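The values are calculated or read from the model by the stated rules, or taken from the named source; none is laboratory data. Every value quoted in this text rests on a predicted model; they were computed, and no experiment measured them. A quick note on method: Cβ atoms are made from the backbone with ideal geometry, for glycine too, and the neighbour counts reach across all protein chains shown.
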Amino acid sequence: MASGNPFETSLKTLHEAAELGHINKEVVRLLEQPKRQFEFTIPVRMDDGHLEIFTAFRVHYCDALGQIKNGVRVVPNMDMDTAKALGFWMTIKHAVGGIPAGGGKGGIKADPSKLSRREYEALIRGFIRRLPMKGAWVDVPGADIGTHGATQAWMLDELEEIQGFHSPAAINDKPIEANGTELSREATGHGVFYVTRETLKDLGFPKGCKFALQGFGNVGRVAGELLQDAGYKLVAVSDIFGGIENQDGIDIYELGKYADTHNHSVKGFPGCKEIGTSDLLEVECDFLLPAAVQSVIHEGNADKVKAKLIIECANGPTTPEAEKILEKRGVIIMPDVLCNCGSAIVCGFERTQGLTDTYWDRETVRANLEERIVKAYHQTVDMAKELNVSYRDAAWIHALKKIEKAMLIRGWAWEEE
Ligand code: NAD
């Protein structure tokens, strides 16, 4: 199975977890493909007067647990396979995180950097106009690569103009001023921190132990700050431009100020040794947070990883081949579907707030996120112990069992004799 294709990798994990967890075969068959998928066009009158026709995709992967929810990606290489893979992942993440929602994903094949503000707004509004099924109880689009608070506010505005009434629960990742939620941007970093804190406690890692961070963006920086605040020592960071290492410790807040004024990069931060982007994965440390992109830990470098614990912050940072090597070496992996489901959880809260027209303060959102993700962590760990399986298989089995129950009770699949 090719490790480079995220959908193939997810199917492989599905089959492995389903066998270990004795999941109903009809449920597995239903999860091998999306429930429905749409491909549609969005015509946009460009600033120079010509008509451009963009292609858009939306996948409703599985809605056994609730309405479809999740991101819209605007990138030049967007396609249906990407939407399928990401929609599947979201299905599992919602089940892991205890959110009563189905998984979906979509996007537009376009390069936002080549569009004027007016063209981009027209494209995003066109996406909502042409999206075949929409609304708080059907499909709630959120942000992803190429989309952000402003695009989500345009989506909401367009939908409300079409419907003729307000509908804040129908779009996610909105700015606070457009009925959004507190902690929207920092949700995943917070979730990563709670899972890491619990793991370190349970595995007996002492306070002050060392960690390394690949990716200094939305997820990595927030998680790193919370870990430093909790007493753990940051010794190396890298981003797409390069990396830095100092085994005596790096102050993440000083590093943040530096990156804010140096092209959002950590490269060149004073008092550190320069390292390469991927050298970071091999530095001396107790635990490692890959928070950049997928497949960075692979067959070629898995035996050089010195950390004893990997917290998967990005989606799929460890290839299946690397996972086998690491497992043999006794390196523990906390899986992506658990570690980074914080934003899926807070998006669930955002919809709940919109539906009830009651907006929570930051502490309420934070405390609810902590409670939900710590529970998901314990459910995963308990499942791993009960079945003697890896944490990745345990998280998937835990999710699949929830989906299985919903499918059986709805009559989508029949009990096996
Ligand atoms: P971001 O764009 O804010 O930051 C990404 C960071 O990774 C940047 O520092 C960038 O320089 C670095 N980077 C990019 N390519 C790299 C490479 N090839 N090697 C090393 N570093 C590289 O992204 P983010 O929101 O922090 O998300 C990080 C990862 O987590 C992504 O894979 C994303 O899909 C995943 N994720 C994010 C969320 C979320 O809520 N933001 C939720 C789930 C999963």
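Only residues that are out of contact with any strand residue (DSSP E or B) (no Cβ under 9 Å at 6 or more places or on another chain) and in a helix (DSSP H, G or I) were counted in the range 1-49, giving 20.
Could you list all residues from the range 256-286 that are in contact with a Phe, Trp or Tyr (Cβ under 7 Å, 6 or more places away or on another chain) and either part of a loop (DSSP other than H, G, I, E, B) or of a type in the set (Gly, Ala, Ser) (or both)? Steps first, answer last, please.
First, pick out the residues of the range 256-286 that are in contact with a Phe, Trp or Tyr (Cβ under 7 Å, 6 or more places away or on another chain): 258-259, 265-267, 269, 285-286.
Ala259, Ser265, Val266, Lys267, Phe269, Cys285, Asp286 - these are the residues of the range 256-286 that are in contact with a Phe, Trp or Tyr (Cβ under 7 Å, 6 or more places away or on another chain) and either part of a loop (DSSP other than H, G, I, E, B) or of a type in the set (Gly, Ala, Ser) (or both).
Considering each residue of the range 243-255 in turn, at least one proves to be buried (at least 23 other Cβ atoms within 10 Å of the Cβ), near the ligand (Cβ under 9 Å from one of its atoms) and either assigned to a strand (DSSP E or B) or of a type in the set (Ser, Thr, Tyr) (or both).
Considered as a group, the residues in the range 352-372 that are within 16 Å of the ligand (Cβ to nearest atom) and surrounded by 23 or more Cβ atoms within 10 Å (Cβ to Cβ) include one that is nearest to Thr188 (Cα to Cα), and that residue is Leu369. Does Arg392 satisfy the criteria of being in a helix (DSSP H, G or I), closer than 24 Å to Ala169 by Cβ and at pLDDT 95 or above? It is false that Arg392 is in a helix (DSSP H, G or I), closer than 24 Å to Ala169 by Cβ and at pLDDT 95 or above. A single entry from Phe269, Phe287 fulfils the requirement of being away from the ligand (no atom under 16 Å from the Cβ), modelled with pLDDT of 95 or more and of a type in the set (Phe, Trp, Tyr): Phe287.
Beta carbons closer than 6 Å, at least 6 apart along the sequence or on distinct chains, pair a first residue in the range 213-226 that is assigned to a helix (DSSP H, G or I) with a second that is of a type in the set (Val, Ile, Thr) for Val219/Thr188; Ala223/Val192; Gly224/Ile252; Glu225/Ile252.
How many residues does the range 243-275 contain that are closer than 17 Å to Ala291 by Cβ and under 26 Å from the mean Cα position of the chain (by Cα)? Residues that pass the stated criteria total 10.
Filtered by the rule that a residue be over 16 Å from the mean Cα position of the chain (by Cα), within 16 Å of the ligand (Cβ to nearest atom) and among the small types (Gly, Ala, Ser), the range 138-175 gives a lone residue, Gly149.
What are the residues in the range 193-222 that are under 15 Å from the mean Cα position of the chain (by Cα), of a type in the set (A, V, I, L, M, F, W, C) and near the ligand (Cβ under 9 Å from one of its atoms), if any? If the condition is that a residue be under 15 Å from the mean Cα position of the chain (by Cα), of a type in the set (A, V, I, L, M, F, W, C) and near the ligand (Cβ under 9 Å from one of its atoms), then Val219, Val222 are the ones that fit. If the condition is being assigned to a loop (DSSP other than H, G, I, E, B), within 12 Å of the ligand (Cβ to nearest atom) and in contact with a strand residue (DSSP E or B) (Cβ under 9 Å, 6 or more places away or on another chain), then the range 295-331 contributes Ser295, Val296, Glu312, Cys313, Ala314, Pro317.
Within the range 325-352, the residues that satisfy the criterion of being touching a residue at least 12 places away in the same chain (Cβ under 8 Å) and under 13 Å from Ala302 (Cβ atoms) are Ile325, Leu326, Glu327, Arg329, Gly330, Val331, Ile333. A residue that is among the aliphatic types (A, V, I, L, M), in contact with a Pro (Cβ under 6 Å, 6 or more places away or on another chain) and within 13 Å of the ligand (Cβ to nearest atom) cannot be found anywhere in the range 333-349. The residues of the range 45-72 that are closer than 22 Å to Ala153 by Cβ and surrounded by fewer than 22 Cβ atoms within 10 Å (Cβ to Cβ), listed by number, are Arg45, Asp47, Phe54, Gln67. A single entry from Leu281, Leu227 fulfils the requirement of being within 26 Å of Pro320 (Cα to Cα), buried (at least 23 other Cβ atoms within 10 Å of the Cβ) and more than 9 Å from the ligand (Cβ to nearest atom): Leu281.
Residues being part of a loop (DSSP other than H, G, I, E, B) and surrounded by fewer than 18 Cβ atoms within 10 Å (Cβ to Cβ): count how many of those fall in the range 373-389.
Looking only at that region, the number is 1.
Taken over the range 73-100, the residue count meeting the criterion of being closer than 13 Å to Cys62 by Cα and surrounded by 24 or more Cβ atoms within 10 Å (Cβ to Cβ) is 11.
In this structure, does Val389 turn out to be away from the ligand (no atom under 16 Å from the Cβ), more than 18 Å from the chain's Cα centre (by Cα) and among the aliphatic types (A, V, I, L, M)?
Working: away from the ligand (no atom under 16 Å from the Cβ): yes; more than 18 Å from the chain's Cα centre (by Cα): yes; among the aliphatic types (A, V, I, L, M): yes.
Yes.
Let's see how each residue does on (1) part of a helix (DSSP H, G or I); (2) in contact with a His (Cβ under 8 Å, 6 or more places away or on another chain):
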residue	(1), (2)
Val337	yes, no
Ala344	yes, yes
Cys347	yes, no
Thr352	yes, no
Leu355	yes, no
Tyr359	no, no
Thr364	yes, no
Asn368	yes, no
Glu371	yes, no
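I'm checking my understanding of the structure. Among residues of the range 176-192 that are among the polar types (S, T, N, Q) and outside any helix (DSSP H, G or I), which one is farthest from the ligand (Cβ to nearest atom)? Ranking the candidates gives Asn179 first.
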